[in-house]
Amino acid sequence: MTTRRRITDPVEQLAQRIAERVVELVLSVLDVNALLAQVDVNAVLARVDVAALLNRVDLNAVLAQVDIGALLDRVDINDVLQRVDVDALVEHTDLGAVIARSSGGVATEALDAGRSMAVGLDQFIDRWAQRALRRKHPAPSAPRALLDGEAAP
């Protein structure tokens with residue numbers, strides 16, 4: 001060990017202990033509230049990169065902690081519905097097409113039901129006509145020309 005080193009090492013250690021003690025003394029007498037009162041918070045916030053902060057936030061983790069039920073309990077549904085512009089919704093909806101589709105479906109179902117009932121009634125009348133005419137063999141299900149056409153390949 002050199003002489004210089006023998007002298008500087010203890011001096012550095014002493015300086016370190018003095019600096020630590022000075023910091024302790026300053027912090028013990030320092031009024032943090034008075035110091036913060038002198039800080040321009042708006043200037044500090046202007047230097048903060050909010051976009052960078054938001055990129056670091058895990059939104060899924062935040063939303064996982066949200067109690068949706070409690071949130072919905074706080075929402076006034078009547079107030080939300082009063083804000084809905086029904087006229088604008090109607091303008092953006094092709095109500096004519098919706099009505100045509102729904103009424104067309106109803107009309108098709110009614111027509112199919114009517115046809116089915118007509119076929120059933122036709123069969124009922126045919127059975128009674130066969131009984132009244134005392135026929136032993138049932139009548140053909142279609143005219144002979146149609147029956148011959150079905151038999152042909």
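The values are calculated or read from the model by the stated rules, or taken from the named source; none is laboratory data. Predicted model, so just to flag it, every value in this text is computed and none were measured. Don't worry about glycine lacking a Cβ; one is built from the backbone with ideal geometry, like all the others, and counts go over all protein chains shown.
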Let me confirm something: among Val90, Val22, Val26, Val84, which residue is part of a loop (DSSP other than H, G, I, E, B), free of Cβ contacts under 8 Å to residues at least 24 places away in the same chain and out of contact with any Ser or Thr (no Cβ under 6 Å at 6 or more places or on another chain)? Val84
Among the listed residues Arg21, Arg56, identify the single one that is basic (Lys, Arg), modelled with pLDDT of 90 or more and loosely packed, with under 10 Cβ neighbours inside 10 Å. Arg56
